[in-house]
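Input: a single structure, listed below in structure tokens.
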Amino acid sequence: MKYRSTKFYGPERGYAVAYRQWRAESHCNKIHGYALSFLFTFEAEHLDVRNWVVDFGSLKTLKDKLDEWFDHTCLVATDDPEYAFFEEMHNRKLIKMVAVDKTGCEGLAEWLHDYVNNVWMVDNGYAGRCRCVSVEVRETPANSASYGDF
């Protein structure tokens, strides 16, 4: 048996982002925006000394990263053919650009999953005892994507 706990950061947090799917053959190849929300699922076989999978208070450092990456930012795929133009807009302080491997819910879920497991868990003393099993990124009430172990 395993224990699971979840943490949800909803659209009321103000994670307003803009991005485009430059490979799309539809209007999604234009810059458009969303109020993103995130659901993190953590898992452990054994609880800590306080009987928790993760201390929800320790997630403040994760929230700080979400604020940095998703609060009024423009997410740009590193392989976007217009990357240099977005970078110029960032340097001219017209946008707050965040470079990501892939835009869209699927790519962001994978990126966050990897960050939480490979950086955040280690930095916060959770590595080895628990892990983030999945991350869901929601762009609208009707559209979301997840990455992880299901």
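The values are calculated or read from the model by the stated rules, or taken from the named source; none is laboratory data. As the structure is a computational prediction, the values presented were derived from the model and not from experiment. All Cβ positions, glycine included, derive from the backbone under ideal geometry; neighbour counts span all protein chains shown. Ligands, DNA and RNA are stripped out before the accessible areas are found, and what is left, the full protein with its side chains, is counted by its heavy atoms. Shrake-Rupley method; radii C 1.70, N 1.55, O 1.52, S 1.80 Å.
When GLY125 is tested against (1) touching a Ser or Thr at 6+ places or on another chain (Cβ under 9 Å); (2) part of a loop (DSSP other than H, G, I, E, B); (3) surrounded by 15 or more Cβ atoms within 10 Å (Cβ to Cβ), only condition (3) is not met.
So, CYS74, is that one touching a His at 6+ places or on another chain (Cβ under 9 Å) and either open to solvent by less than 20 Å² (accessible area, probe 1.4 Å) or over 19 Å from VAL135 (Cα atoms) (or both) or not? Spell out how you get there, then give the answer.
Values: touching a His at 6+ places or on another chain (Cβ under 9 Å): yes; either open to solvent by less than 20 Å² (accessible area, probe 1.4 Å) or over 19 Å from VAL135 (Cα atoms) (or both): yes.
For CYS74, the condition - touching a His at 6+ places or on another chain (Cβ under 9 Å) and either open to solvent by less than 20 Å² (accessible area, probe 1.4 Å) or over 19 Å from VAL135 (Cα atoms) (or both) - is met.
Scan the range 89-108 and give yes if some residue there is farther than 21 Å from CYS28 by Cα and open to solvent by less than 60 Å² (accessible area, probe 1.4 Å), otherwise no. No, the range 89-108 has no match at all.
Considering the range 1-23, the residues that are open to solvent by 100 Å² or more (accessible area, probe 1.4 Å) and at pLDDT 95 or above include one that is farthest from THR140 (Cα to Cα), namely TYR3. So ARG50 ticks every box in (1) in contact with a strand residue (DSSP E or B) (Cβ under 8 Å, 6 or more places away or on another chain); (2) more than 20 Å from THR140 (Cβ to Cβ); (3) open to solvent by 50 Å² or more (accessible area, probe 1.4 Å) but one. Which box is left unticked? So ARG50 meets the others, but not (1).
Only one entry in SER26, SER37 is of a type in the set (Ser, Thr, Tyr), farther than 16 Å from ASN118 by Cα and either surrounded by fewer than 12 Cβ atoms within 10 Å (Cβ to Cβ) or at pLDDT below 95 (or both), namely SER26. Tell me whether the range 56-70 contains one or more residues that are open to solvent by less than 60 Å² (accessible area, probe 1.4 Å) and either part of a loop (DSSP other than H, G, I, E, B) or β-branched (Val, Ile, Thr) (or both). The answer is no; no qualifying residue exists.
When GLU45 is tested against the conditions (1) closer than 24 Å to VAL133 by Cα; (2) open to solvent by less than 50 Å² (accessible area, probe 1.4 Å); (3) of a type outside the set (Gly, Ala, Ser), the lone failure is (2).
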